[in-house]
Amino acid sequence: ATKTYQIKQWLSVEAITSGVVGFYIDEYDAAGNWISGQYKASIGQTYSGDYSFDYTPTSAAVAKASWQMIVAGNSGTSGHIDSVRWFAKP
């Protein structure tokens, strides 16, 4: 809970006709209870390459976090994602 992380993924948004591709982090305590979440970033156009953003836990109670990619239904979105990695920042 005391570190900031860079989350990096390789992303290819090949088509998108409406909405965005979004990234969200869920936060959990040591018992696995959901504490909070953070909407981190979004892309609303075609894109290909590494895509990254920083994540800092919202409180000292955060023991675990999970990454989500959000794509709205009927958005005409197609693409690929690979190599999602979390790096602790110094």
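Modelled this way, with points 7 Å down the Cα-to-C-beta line, the labels at residue 48 and residue 67 are 2.1 nm from one another. Solvent exposure of the chain amounts to 58 Å² per residue of accessible area, where only protein heavy atoms count and the probe is 1.4 Å.
When a/c is below 1.5 the answer is rounded, else prolate if a/b is larger than b/c, else oblate, so apply that to segment 48-90 with a ≥ b ≥ c taken from the square roots of the Cα gyration tensor eigenvalues.
oblate
In sequence order, segment 74-90 has phi-based couplings of 6, 8, x, 8, 9, x, 9, 9, 8, 6, 6, 10, 10, 10, 6, 8, x Hz under the Karplus curve 6.51 cos²θ - 1.76 cosθ + 1.60, θ = phi - 60°, and Gly or Pro positions carry x.
Taking 14 Å as the straight-line reach from the Cα of residue 3, the aspartates and glutamates in range (excluding those fewer than 8 positions away in the same chain) are 27, 54. Computed over Cα pairs, the Kirkwood radius of the chain leads via Stokes-Einstein (1.002 mPa s, 20 °C) to a diffusion coefficient of 154 µm² per second. Carbon-plus-sulfur accessible fraction, the chain (probe radius 1.4 Å, protein heavy atoms only): 50%.
The values are calculated or read from the model by the stated rules, or taken from the named source; none is laboratory data. Predicted model only: the values in this text are computed from it and were never measured. So basically every Cβ, Gly included, is an ideal-geometry build from the backbone, and we count neighbours across all protein chains shown. Surface areas here come from the heavy atoms of the whole protein model, side chains and all, with no ligands, DNA or RNA. Shrake-Rupley method; radii C 1.70, N 1.55, O 1.52, S 1.80 Å.
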